[in-house]
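To start, the structure under review is shown below, and the notes come after it.
The values are calculated or read from the model by the stated rules, or taken from the named source; none is laboratory data. Just so it is clear, the structure is predicted and the values come from calculations on it, not from any experiment. Here the Cβ is made from the backbone with ideal geometry for all residues, glycine too, and neighbour counts use every protein chain on show. Heavy atoms of the whole protein, side chains included, go into the accessibility calculation; ligands, DNA and RNA do not. Shrake-Rupley method; radii C 1.70, N 1.55, O 1.52, S 1.80 Å.
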Amino acid sequence: MSLALYGHPFSSYTQKVLIALYENGIPFEFRSIGPETPQHSAEWLRRWPLGKFPLLVDGERNIVETSIIIEYLQLVHPGPVRLLPAAPMAALDVRFLDRFFDLHVMNVVQHAVGGALTGDPVKRQEGLAFATQKLELAYAWLEGQLAGRTWAVAGADFTLADCAAAPSLFYADWTHRISEAFPVLRAYRARLLARPSFARAVEEARSFRPLFPLGAPDRD
């Protein structure tokens, strides 16, 4: 098997790539990074000293950064689900929303998580306050953006943008609940959770929920 993915099942960015792999049924070996697999950690750091996951290995080629990994899979290991449209403007819309979910939703969640991981109550509260403000802005924008759409991009099927949205909104709702004021966004998150590729990723990570430092809610 030529493809190997280094990451962790509970990692949002690992899940983003797992969704793409599952959507197209691409065979790969998952190499989970953790204290119980020091050999995987050593090889991962040898291949990518910056110490960020996921990392996709295809033969001797190392591919990093989730959006690049997913585009690489489409180019080199294409499947029936085209996650980046062929039309240039539609592809641009997909890339924009992919960046929106990563930068304005998931990175905000990670800021709150990072504050909680310090163990300092002040930093925890500061991180949550920052996340609450930023996520409310993102939720409000997405509520209008997603109106009338099944998936993230108008006129497109499930894409790279939805791969980014699924784990982003999953953990964002845990960090700052998406309120009833955003019914369109809540319905979109529910559709993402029902998508078999993401449902599988969520289930595979279920046992790690006690690790969520803000406290995993008893839902999803």
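Worth a mention:
- Solvent-accessible heavy-atom area per residue, rounded to whole Å², over the stretch 61-134 at 1.4 Å: 56
- 23 Å Cα-Cα reach of LYS52 towards lysines, excluding residues that sit fewer than 8 places from it in its own chain: LYS16
- Legend: P(r) of the chain from all alpha carbon pair distances, 10 Å bins from 0, whole percents, reading 8, 33, 37, 19, 3.
- The stretch 72-220: relative contact order as a whole-number percent, Cα under 8 Å and 6+ apart: 26
- Per-pair calculated FRET efficiency, R0 = 30 Å: ASN24 and PHE208 via Cβ, rounded to 0.05: 0.75
- Cα gyration tensor shape for the stretch 56-108, rounded if a/c is under 1.5, else prolate or oblate: oblate
- Mean Cα-pair separation over length for the stretch 146-220, i.e. relative contact order, pairs under 8 Å, 6 or more apart, %: 24
- Within a straight-line Cα-Cα reach of under 19 Å, LYS123 cannot be paired with any aspartates and glutamates, leaving aside sequence neighbours fewer than 8 residues apart in one chain.
- PHE182 - accessible surface, heavy atoms, 1.4 Å probe, Å² rounded to 10: 20
- Other residues lying with their Cβ under 14 Å from the Cβ of GLY7 contribute a combined charge of 0, Lys and Arg counting +1, Asp and Glu -1.
- Relative contact order, percent, the stretch 1-147 [alpha-carbon distance under 8 Å, six or more residues apart]: 18
- Length released on extending from ARG149 to ILE68, taking residue separation times 0.36 nm less the Cα-Cα span: 26.6 nm
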